Amino acid sequence: MRQGLYCTPGRYQKFQEDMGQIVERYNKEPGKGLQADSALQDFIMTKEILKISIMKADETLTEQQKKDEGIKL
């Protein structure tokens, strides 16, 4: 959100894809140790508020875009 990467209509899906890639890369890393699953879950939980914010912003931006397109027609 700080860089605005996910602040355009339809970017919630991109956020979900990026998170999936991060988790996939993390799971492929060898030698993570005994706390790996716990650390991953902690990371995911810290991103939950960001996820909700992006989802709500995406909904608002998408609705506004649809309204703007309706006005142009």
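Bear in mind that the values in this text are calculations on the coordinates, not laboratory data. Note that the structure is predicted; figures quoted are calculated from it, not measured. Positions of Cβ are backbone-derived with ideal geometry, glycine not excepted, and every protein chain shown enters the neighbour counts.
Of all the residues that make up region 1-34, how many are of a type in the set (S, T, N, Q) and either at positive phi or part of a helix (DSSP H, G or I) (or both)?
So the answer is 4.
Only a single item in (1) surrounded by 10 or more Cβ atoms within 10 Å (Cβ to Cβ); (2) within 16 Å of the chain's Cα centre (by Cα) is not met by residue 4, and it is number (1). Scanning region 7-42 for residues that are among the hydrophobic types (A, V, I, L, M, F, W, C) and loosely packed, with under 11 Cβ neighbours inside 10 Å yields one hit, 34.
Just a yes or no: is a residue in region 46-63 of a type in the set (S, T, N, Q), touching a residue at least 40 places away in the same chain (Cβ under 8 Å) and surrounded by 10 or more Cβ atoms within 10 Å (Cβ to Cβ)?
Just the residues of region 46-63 that are of a type in the set (S, T, N, Q), to begin with: 46, 53, 60, 62.
Retained after the next criterion (residues that are touching a residue at least 40 places away in the same chain (Cβ under 8 Å)): 53, 62.
Subsequent filtering for residues that are surrounded by 10 or more Cβ atoms within 10 Å (Cβ to Cβ) retains 53, 62.
Yes, some residue in region 46-63 is of a type in the set (S, T, N, Q), touching a residue at least 40 places away in the same chain (Cβ under 8 Å) and surrounded by 10 or more Cβ atoms within 10 Å (Cβ to Cβ).
What are the residues in region 10-42 that are farther than 30 Å from residue 66 by Cα and of a type in the set (Asp, Glu), if any? Result: 24, 29, 37, 42. Contact annotation: residue pairs with Cβ atoms under 8 Å, 6 or more positions apart or on different chains, pairing a residue in region 8-28 that is without any contact (Cβ under 8 Å) to a residue 24 or more places away in the chain with a partner that is surrounded by 12 or more Cβ atoms within 10 Å (Cβ to Cβ) and outside any helix (DSSP H, G or I), are 14/5; 14/6; 26/32.
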